[in-house]
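Since the structure comes first, as structure tokens, the remarks are kept for the end.
No value in this document is a laboratory result; all are computed from the given coordinates. This one's a predicted model, so the numbers in the text were calculated from it and none came from an experiment. Reconstructed Cβ throughout: ideal geometry from the backbone, glycine too, with neighbour counts over all protein chains shown.
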Amino acid sequence: MDRNAMSAIPSTSINGPHTLRIISLTSNGIHSIKEGAFAAQPGLEKIRLDHNDLNVLEGSPFSGLSKLRELTLSQNTLARFNSDVFQGKNFSDPSLGLV
């Protein structure tokens, strides 16, 4: 789903097979992700959100993703997110790709 000119990810918008393990949303111009955006995909292990215009993570968009091990947020301008947005996550890359 790279380069699809998406500007935001609303709540529960990522639907499809519940067996989805990896999703790449690189270079879409995404500026915000709403709480629960990935809730319909509890099996996600890797999310790539690099090279977007992300500046806001609303609520806890990654809650319920107990299998999430890799989250790439590099090349964004994150200015605001809750302090517990990454709580309970066991990332394989503790830097989260924040550049």
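With a simple spin-label model that places each label point 7 Å from the Cα along the Cα-to-Cβ direction, the separation between Asn90 and Ser66 comes to 1.1 nm. Taking K and R as +1 and D and E as -1, what net charge do the other residues with C-beta under 11 Å from the C-beta of Ser32 add up to? Result for the neighbourhood of Ser32: -1.
Neighbour counting of Cβ atoms within 10 Å sorts the residues Lys46, Lys67, fewest neighbours leading, into Lys67, Lys46. Remark: Ser83, Ser24 ranked as Ser83, Ser24, counting other beta-carbon atoms within 10 Å and listing the fewest first.
When Thr77, Thr26, Thr19 are sorted by how many other C-beta atoms sit within 10 angstrom of their C-beta, beginning with the fewest, the order is Thr19, Thr77, Thr26. What's the FRET efficiency of Asn82 with Asp53 using the Cβ-Cβ distance as r and R₀ = 22 Å, to the nearest 0.05? The computed FRET efficiency comes out at 0.70.
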